[in-house]
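All remarks here apply to the structure that follows.
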Amino acid sequence: MRRSILAALREREHTFEELVVLAGRAKSTVSVHLQDLTAAGVIGSQPDPEDSRRKVFFLTGDLVASVSPDDRVVDALAAYAGAYQAGSRDPNAFYRLAFRAIRVALMQEGVLLDPLLSRAGEWIGEELYPAVAHPETRAFCTNIARFWEEHHLGRIEVAGTEPLVLLVYDCFECVDLPVTGRPACAFDSGILRALFSRHYGRPTAAVETRCYSMGFDHCRFEIAVEGGGREE
């Protein structure tokens, strides 16, 4: 019921009466779900400009997705937890488990994850930039690679310069995710986008063309400065 309501509101705003018709359920049932979604901050409402006695409902953000039962990853967290041994001397093992637990929990709740992870990555990239900054691109990439390895995020190699291509091995974000055929490193993409945008002084994309979740043994990011031009 909630998925059908959210799907309708992603298309456009709807009045209560319209949602009742679309849902095909009793007014009292729809009302309860609308109250719960409003309390959770997922949707909002305002008076209908054409009739102040009616309410118009709308989504409060763009991070809500519809997740079908077939897309859920019920057993994924157990697999992640099994790879972590209590008392392990590697603190990164716990951090990886925590990251995956949050990721799976958000997916289970129907949150559209990639935009959220990408934004978080951009924030991290902005804060990280001073620690890896260098005017020369090759040295800049070397600093990024060193940071990745020191923090157990993976191993970065430069595979090309025109365009600039980075390969990431043992990627912390996706190395043990199931193969879905789709790239899964929105967080890394966000970090790299922010880093190279600062480096080049103009908007830059970090497009993931290969990923462990696509069946490859590495992730591949192509760095592209918006508007073209040569990266130096």
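Structure data summary
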read-out: Residues satisfying the stated conditions in segment 157-187, i.e. of a type in the set (V, I, T) and under 21 Å from the mean Cα position of the chain (by Cα); value: V168, V175, V179, T180
read-out: Of residues in segment 183-204 being outside any helix (DSSP H, G or I), in contact with a Ser or Thr (Cβ under 9 Å, 6 or more places away or on another chain) and open to solvent by 30 Å² or more (accessible area, probe 1.4 Å), the one modelled with the highest pLDDT; value: P203
read-out: Qualifying positions in segment 121-152 - closer than 15 Å to L192 by Cβ and open to solvent by less than 30 Å² (accessible area, probe 1.4 Å); value: G121, G125, L128, V132, T137, F140, C141, I144, A145, W148
read-out: Among (1) crowded, with 18+ Cβ neighbours inside 10 Å; (2) among the β-branched types (V, I, T); (3) not in a helix (DSSP H, G or I) - the single one T180 does not satisfy; value: (1)
read-out: Residue check, R138 of a type in the set (K, R) and touching a residue at least 60 places away in the same chain (Cβ under 8 Å); value: no
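The values are calculated or read from the model by the stated rules, or taken from the named source; none is laboratory data. For clarity, every value in this text was computed on a predicted model and none was experimentally measured. Methodologically, a virtual Cβ is constructed for each residue, glycine included, from the backbone with ideal geometry; neighbour enumeration extends over all protein chains shown. Ligands, DNA and RNA are stripped out before the accessible areas are found, and what is left, the full protein with its side chains, is counted by its heavy atoms. Shrake-Rupley method; radii C 1.70, N 1.55, O 1.52, S 1.80 Å.
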